[in-house]
Amino acid sequence: MQRKTTAVLATLVLGGWVGRAQATTEVQRVTFVGSQAAFQFSASTSITCADGSGGVAAAFGFISGADSINNSTGSPQSLSNGTFVEIDFYSNSCTGAFISFGDGGIANSYTPVDKKLSSAAIVGSGTVQDFNSGNVFPVSLNVTFTGTGSTFQQKSNSHTKITGTKHGNLLIAHNQSANSNRAATVSGQVTIDNVTFSSLDVFFAQFFANSSDSLSVSK
């Protein structure tokens, strides 16, 4: 119903004005659609050192995949897709490698969550730089999200009409937005500095979806 309202508004406004003052009527529409799948984890695993002895690697971090589509009247469509990787701690007893806090990104690695917030995925490789040492570490992700529990939704609409008192200017603006989120489970692998963590202890995982549509007509 909200999209029909916007379409009818545009039709009525343009139909009433174009014939009378086409050159002085300005229509501006801005839309946004985006989603996010994020989780926080800790993990540890036994590893074999170069000399054959046993060692341990451990990690703690936050990972967020996101995408967005932006459209604005008079401008080309803008698309973005990628994953933010934050490693709050990493240690390797065999090599002595250590991350006290670092982050990085992986472009075009996020398979967006579907409309029902039931599934998403992150697959790709990139790097993380430790802020203290400046050292750069390779990272790879191959994780799948599965929605669980209820989906929480929120929608809003607003309509404004402003008539100028001096020059008879008129502005009509219609805005609508929708937000939803759902808890998720995560399975898969996180690889840091060539050490693969297959058993992830996930503290939280969540889907987020957002959209907005803004239409303004001025005369």
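For the range 77-176, what D do you get in µm² per second when you plug the Kirkwood radius from alpha-carbon pairs into Stokes-Einstein at 37 °C and 0.692 mPa s?
The Stokes-Einstein estimate is 182 µm²/s.
Find how much the distance from Asn108 to Ser125 grows on full extension, using 0.36 nm per residue of separation minus their present alpha carbon separation; answer in nm with one decimal.
Working: separation 17, 0.36 × 17 = 6.12 nm, distance 1.00 nm.
Between Asn108 and Ser125, full extension yields an extra 5.1 nm.
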Which of Asn81, Asn132, Asn169 ends up with the largest GNM mean-square fluctuation for the chain, with Cα atoms connected below 10 Å? Asn169
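Based on DSSP H runs of at least 4 residues, each adding -39500 (n - 2.57), what is the mean residue ellipticity at 222 nm of the chain after dividing by all its residues, to the nearest 500 deg cm²/dmol?
Result for the chain, helices only: -3000 deg cm²/dmol.
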Cβ under 9 Å from Tyr90's Cβ, Tyr90 left aside: what net charge do those residues give with Lys, Arg +1 and Asp, Glu -1? -3
Want the number for Thr148 to Ser218: 0.36 nm per residue separation, take away the alpha-carbon distance, what's left? 20.7 nm
Please identify, among Thr73, Thr83, Thr45, the residue showing maximal mean-square fluctuation in a Gaussian network model of the chain using a 10 angstrom Cα cutoff. Thr73
Distance in nm between label sites at Ser78 and Ser42, each 7 Å beyond Cα in the beta-carbon direction? 3.9
Could you list Cys94, Cys49 so that the one with the fewest beta carbons within 10 Å of its beta carbon is first and the one with the most is last? Cys49, Cys94
For Rg and Dmax of the Cα atoms in Å, which listed value, [x] 17.7, 53; [y] 16.8, 49; [z] 24.3, 85, comes from the coordinates shown? [z]
With the range 122-219 reduced to its Cα atoms and the Debye formula applied, log10 I(q)/I(0) at q = 0.13, 0.17, 0.22 1/Å amounts to -0.71, -0.88, -1.09
Largest-first principal axis extents of the Cα set of the range 36-123 (Å): 62, 27, 19
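What is the extension gain from Val136 to Thr163, computed as 0.36 nm multiplied by their sequence separation minus the C-alpha to C-alpha distance, in nm to one decimal?
Result for the pair: 3.9 nm of gain on full extension.
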What residue among Ile47, Ile106, Ile122 shows peak mean-square fluctuation when the chain is described by a Gaussian network model with Cα springs under 10 Å? Ile47
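Read-outs throughout are calculated quantities, based only on the coordinates presented, and are distinct from any laboratory measurement. From a predicted model like this one, the values you see are computed outputs, not experimental measurements. Glycine also receives a Cβ, built like all others from the backbone with ideal geometry; neighbour counts cover every protein chain displayed.
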